[in-house]
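S.K.: Pasting a structure here, questions to come.
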Amino acid sequence: MKQLARLGLGLLLSTGLATAHAEEVKIGMITTLSGGGSHLGVDVRDAFLLAIEQSGRDDIEVLVKDDARKPDLARNLANEFMQRDEVDLMTGIIWSNLAMAVVPSVVRQGTFYLSPNAGPSALAGRMCHENYFNVAYQNDNLHGAMGAWMKEQGYERPLIMAPNYPAGTDALAGFKHLYEGEVADELYTQMGQTDYAAEIAQIRASDADSLFFFLPGGMGISFMKQWQNAGVDLPVFGAAFSFDETLIKAVGEAAIGARNTSLWAYDLDNDTSRAFVESFQQAYDRMPTLYAAQGFDTANLILSALEQAHPDDQDAFREALREADFDSVRGEFRFGPNQHPIQDIYVREVVAGEDGEPTNRLLGIAVEDIQDIYHVDCKM
């Protein structure tokens, strides 16, 4: 499996055993494997392939392509998968702007799409579709949960910040929806930004009593290092996208003390999660992030549905997906009416681990059974 994890473009997985099922299933995965934020896609891919391998099924092929975080490339790859490779279903996209470029066309053409990460509000609401399932979250969820938790903890003037793209606007909208109060200020940054001196100056000059930010991938690393050097004395909050196990090790000491929300934690107390963490570490020699957990759950949801029907029988396969009859690393898992999860969101704190490296420690549940607000606009 370590060798699989190092492969890039054009990965083809087939277990190579004699066929035990009647008809082969072909899955197309488009994800980010190069450039900024590539560790997100690598974790989704690696955990997805691990689940397929653990299933022992020999009738599944997974074709993996790198979108390099480019919407036009992702759109072209999706067309290749559907027209040339004739995949039965697709998955893998990390970034919401890429999801918006790919998913609507894919599902309209009769192909199932299961998101292991991106959850833009439009696809949860007015652009929902019977062939689209989100196995991760709707973009607002983790941010809204932190808004609710910070309000409960007594923070009265949070300053909130995110990049100006669909997931960023969803993030701050979600925070404000469940914070249910006035914020000190609201800052939007550029995608891929590396210099945050101007924003840090604005935060320093504000009357904020706390900072909440959503800066996934390398953006979060750059910001946190500059934040530490600036010496601004405000408590920091975010979602796991800015504080996953890979990012906080890259940030180092500056991450310690930050609190973040996540749909999963590696120290979550359930048997499925413990087995997943152990097997992932054994296969890839690193701690899984929430992206890995989402990729693993996505694969296992697909596997559970395949026990009931082939994707060619669309009605039966769709109903099997809706049942979500699988053991999730999160514990209980169920879909809402717009085929997005209704789930608990946890709060974690970044602490120094036994090896001195930053790691996340589970504190408890921030919000139980959170459901996105956009499901009311979904007319399936």
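S.K.: Normalise the Cα radius of gyration of the chain by 2.2 N^0.38 Å (N = residues in it) and let me know the number. Before the final figure, lay out the partial values.
M.R.: Details: Rg = 19.9 Å, N = 380, 2.2 N^0.38 = 21.0 Å.
The value comes to 0.95.
S.K.: Size of the dipole of the chain about the Cα centre, Lys and Arg at +1 and Asp and Glu at -1 on the beta carbon, nothing else charged, in debye to 20?
M.R.: On the way: 28 positive and 56 negative charges, 194 e Å.
Its charge dipole is roughly 940 debye.
S.K.: Can you give the Rg to Rh ratio of the range 56-95, both from alpha-carbon atoms, with Rh computed by the Kirkwood formula?
M.R.: When Rh is taken as the Kirkwood radius, the ratio is 1.01.
S.K.: Report, to the nearest whole %, how much of the accessible area of the chain belongs to carbon and sulfur atoms, 1.4 Å probe, protein only.
M.R.: Of all accessible area on the chain, carbon and sulfur atoms account for 43 percent.
S.K.: Also, quick follow-up: Need the full-extension length gain, R108 to D58, defined as separation in residues times 0.36 nm minus the C-alpha distance. One decimal, nm.
M.R.: That pair, R108 and D58, stretches by 15.1 nm at full extension.
S.K.: Let's see if you can work this out: charge +1 on each Lys and Arg Cβ, -1 on each Asp and Glu Cβ, no other charges. What is the dipole magnitude of the range 241-380 about its Cα centre, in debye to the nearest 20?
M.R.: That gives a dipole near 400 debye.
S.K.: Also, quick follow-up: Pull out a ≥ b ≥ c, the square roots of the eigenvalues of the alpha-carbon gyration tensor of the range 146-231, then state rounded if a/c is under 1.5, prolate if not and a/b is larger than b/c, and oblate in the remaining case.
M.R.: Note, shape of the range 146-231 comes out oblate.
S.K.: Between A250 and S34, what is 0.36 nm times their sequence separation minus the Cα-Cα distance? Round to one decimal in nm.
M.R.: The A250-S34 span can extend by a further 76.0 nm.
S.K.: Relative contact order for the range 100-156: what percent, with Cα pairs under 8 Å and sequence separation of 6 or more? Write down the numbers at each step before the final one.
M.R.: On the way: 52 pairs, mean separation 18.0, N = 57.
About 32 percent, as a whole number.
S.K.: Next question. Before rounding to the nearest 500, sum -39500 (n - 2.57) across all DSSP H runs of length at least 4 in the chain and divide by the residue total; then give [θ] at 222 nm in deg cm²/dmol. The partial results should precede the final answer.
M.R.: On the way: 13 runs with 151 residues, N = 380.
Theoretical 222 nm ellipticity from helices: -12000 deg cm²/dmol.
S.K.: Ratio of alpha-carbon Rg to the 2.2 N^0.38 Å globular estimate for the range 209-311, to two decimals, please.
M.R.: 1.31
S.K.: Per the Kirkwood formula on distinct C-alpha pairs, the Rh of the range 295-345 is how many angstrom?
M.R.: 11.2
S.K.: Right, something else. Can you give the relative contact order of the chain as a percent, counting alpha carbon pairs under 8 Å and 6+ residues apart?
M.R.: 18
S.K.: Between rounded, prolate and oblate, where does the range 241-295 land on the alpha carbon gyration tensor, with a ≥ b ≥ c its root eigenvalues, rounded for a/c under 1.5, else prolate if a/b exceeds b/c?
M.R.: Because a/c hits 1.5 or more and a/b exceeds b/c, the range 241-295 counts as prolate.
S.K.: Of Y196, Y132, Y266, which has the largest mean-square fluctuation in a 10 Å C-alpha GNM of the chain?
M.R.: Y196
S.K.: Same structure, new question: What is the ratio of the Cα radius of gyration of the range 60-190 to 2.2 N^0.38 Å, where N is its residue count, to two decimals?
M.R.: Working it through for the range 60-190, the quotient is 1.21.
S.K.: If you line up the Cα atoms of the range 250-354 on their principal axes, what length do they span on each, largest first, in Å?
M.R.: Sorted from largest, the Cα extents of the range 250-354 read 52, 31, 23 Å.
S.K.: Using the Cα gyration tensor of the range 301-380, with a ≥ b ≥ c the square roots of its eigenvalues, what is the shape: rounded (a/c below 1.5), prolate (a/b larger than b/c) or oblate (neither)?
M.R.: Working: a/c = 3.69, a/b = 1.82, b/c = 2.02.
Oblate.
S.K.: At a 10 angstrom cut-off on C-beta neighbours, averaged per residue, how do the peptides 287-297, 302-312 rank from highest to lowest?
M.R.: By packing density, highest mean first, the sequence is 287-297, 302-312.
S.K.: State, to one decimal in nm, how far the label point of V351 lies from the label point of N229, with both points 7 Å from Cα in the Cβ direction.
M.R.: Those two pseudo-labels are separated by 3.1 nm.
S.K.: OK, next. Note down the relative contact order for the range 226-380 as a percent, whole number, built from C-alpha pairs under 8 angstrom at least six residues apart. The partial results should precede the final answer.
M.R.: On the way: 233 pairs, mean separation 39.9, N = 155.
Over the range 226-380, the number comes to 26 percent.
S.K.: Still on this structure, please answer the following. Counting Lys and Arg as +1 and Asp and Glu as -1, what is the net charge of the other residues whose Cβ lies under 10 Å from the Cβ of D369?
M.R.: -2
S.K.: Please give the contour-minus-distance gain from D369 to E307: 0.36 nm per residue of separation, less the Cα-Cα distance, rounded to one decimal in nm.
M.R.: Working it through step by step, the gained length comes to 19.6 nm.
The values are calculated or read from the model by the stated rules, or taken from the named source; none is laboratory data. This structure is a prediction, so every number in the text was calculated from the model and none was measured. Note: ideal-geometry Cβ built from the backbone for every residue, glycine included; neighbour counts use all protein chains shown. Surface areas here come from the heavy atoms of the whole protein model, side chains and all, with no ligands, DNA or RNA. Shrake-Rupley method; radii C 1.70, N 1.55, O 1.52, S 1.80 Å.
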